[in-house]
Amino acid sequence: MKMVIAIVQNEDANLLVEALMENHFSVTKLATTGGFLRVGNTTLLIGVEDDQVEKVIDLVRQVAKCREQIITTTTPSAYGSDMFSTYPIKVQVGGATIFVVDVERFEKI
Ligand code: 2BA
């Protein structure tokens with residue numbers, strides 16, 4: 001048995017939990033914080049049989065893959081201090097950090 005530990009962005013977490021549950025995987029969702037950015041992310045613990053690891057990683061890849069998104073940002077305008085300019089920028093969202101570790105013993109009591 002393996003434990004798949006997937007750290008994903010909060011925006012992707014609920015969809016990913018739904019996808020895992022629909023595929024009959026048990027999952028535990030933890031609210032976590034990245035050490036570098038110090039912002040919230042989500043860590044999912046998914047205990048699975050060895051031959052199911054790739055299926056779990058595929059689901060993570062499908063739902064939480066790294067992609068670009070256009071957001072609009074606002075900055076003070078050059079034409080006056082009470083005026084603002086809005087313009088679109090591309091940002092990277094999503095992505096996942098995955099660890100697969102051996103489970104020495106699994107019991108439900
Ligand atoms: P990622 O490498 O995609 O990592 C996203 C989050 O995954 C991390 O959040 C952390 O919570 C977790 N994570 C990644 N690698 C890990 C590991 N080896 N062990 C345990 N947890 C791990 P943050 O720490 O807030 O990092 C956010 C993003 O900042 C990282 O995205 C990376 O692009 C960048 N980053 C992290 N550390 C950096 C550093 N020392 N220098 C430059 N950029 C860094």
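Does segment 45-62 include one or more residues that are part of a helix (DSSP H, G or I) and touching a Gly at 6+ places or on another chain (Cβ under 6 Å)? For segment 45-62, residues part of a helix (DSSP H, G or I) and touching a Gly at 6+ places or on another chain (Cβ under 6 Å): absent.
Restricting the search to segment 16-46, which residues are among the aliphatic types (A, V, I, L, M) and within 13 Å of the ligand (Cβ to nearest atom)?
So in segment 16-46, the residues among the aliphatic types (A, V, I, L, M) come out as 16-17, 19-21, 27, 30-31, 37, 39, 44-46.
Passing the criteria: Leu30, Ala31, Leu37, Val39, Leu44.
Considering each residue of segment 41-52 in turn, none proves to be on the phi > 0 side of the Ramachandran plot and surrounded by fewer than 15 Cβ atoms within 10 Å (Cβ to Cβ).
Quick check: anything in segment 66-88 in contact (Cβ under 8 Å) with a residue 40 or more places away in the chain, surrounded by fewer than 14 Cβ atoms within 10 Å (Cβ to Cβ), part of a strand (DSSP E or B) and among the aromatic types (Phe, Trp, Tyr)?
No: segment 66-88 contains no residue that is in contact (Cβ under 8 Å) with a residue 40 or more places away in the chain, surrounded by fewer than 14 Cβ atoms within 10 Å (Cβ to Cβ), part of a strand (DSSP E or B) and among the aromatic types (Phe, Trp, Tyr).
Would you point out which residue out of Ile109, Ile57 is out of contact with any helix residue (DSSP H, G or I) (no Cβ under 8 Å at 6 or more places or on another chain), farther than 22 Å from Ala6 by Cα and aliphatic (A, V, I, L, M)? Spell out how you get there, then give the answer.
Values: Ile57 fails: farther than 22 Å from Ala6 by Cα.
Going through Ile109, Ile57 in turn, the sole match is Ile109.
Looking at segment 94-103, is at least one residue within 16 Å of the ligand (Cβ to nearest atom), within 22 Å of the chain's Cα centre (by Cα), hydroxyl-bearing (Ser, Thr, Tyr) and farther than 19 Å from Met1 by Cβ? Reasoning before the result, please.
Quick first cut of segment 94-103, residues within 16 Å of the ligand (Cβ to nearest atom) only: 94-101.
The next check asks that each one be within 22 Å of the chain's Cα centre (by Cα); those that pass are 94-101.
Okay, now just the ones that are also hydroxyl-bearing (Ser, Thr, Tyr), so 97.
Checking which are farther than 19 Å from Met1 by Cβ leaves us with 97.
Scanning segment 94-103, I find at least one residue that is within 16 Å of the ligand (Cβ to nearest atom), within 22 Å of the chain's Cα centre (by Cα), hydroxyl-bearing (Ser, Thr, Tyr) and farther than 19 Å from Met1 by Cβ, so the answer is yes.
Please enumerate the residues belonging to segment 1-34 that are loosely packed, with under 12 Cβ neighbours inside 10 Å and over 26 Å from Arg105 (Cα atoms).
Going through segment 1-34, the residues loosely packed, with under 12 Cβ neighbours inside 10 Å turn out to be 21-22, 24, 26, 28, 31, 33.
If the condition is that a residue be loosely packed, with under 12 Cβ neighbours inside 10 Å and over 26 Å from Arg105 (Cα atoms), then Thr33 is the only one that fits.
Looking at Met21, Met3 in this structure, which one is hydrophobic (A, V, I, L, M, F, W, C) and in a strand (DSSP E or B)?
After ruling out the rest, the residue left standing is Met3.
Please find, within segment 25-84, the residue that is nearest to the chain's Cα centre (by Cα) out of those that are modelled with pLDDT under 95 and among the aromatic types (Phe, Trp, Tyr). Per the criteria, the residue is Phe36.
For residues that are of a type in the set (A, V, I, L, M) and over 20 Å from Asp102 (Cβ atoms), tally how many sit in segment 31-56. Steps first, please.
Taking segment 31-56 first, the residues of a type in the set (A, V, I, L, M) are 31, 37, 39, 44-46, 48, 53, 56.
So of that shortlist, the ones also over 20 Å from Asp102 (Cβ atoms) come out as 31, 37, 39.
Within segment 31-56, residues that are of a type in the set (A, V, I, L, M) and over 20 Å from Asp102 (Cβ atoms) number 3.
The values are calculated or read from the model by the stated rules, or taken from the named source; none is laboratory data. Quick caveat: nothing in here was measured; it's all calculated off a predicted structure. Backbone-built Cβ (ideal geometry, glycine too); neighbour counts: all protein chains shown.
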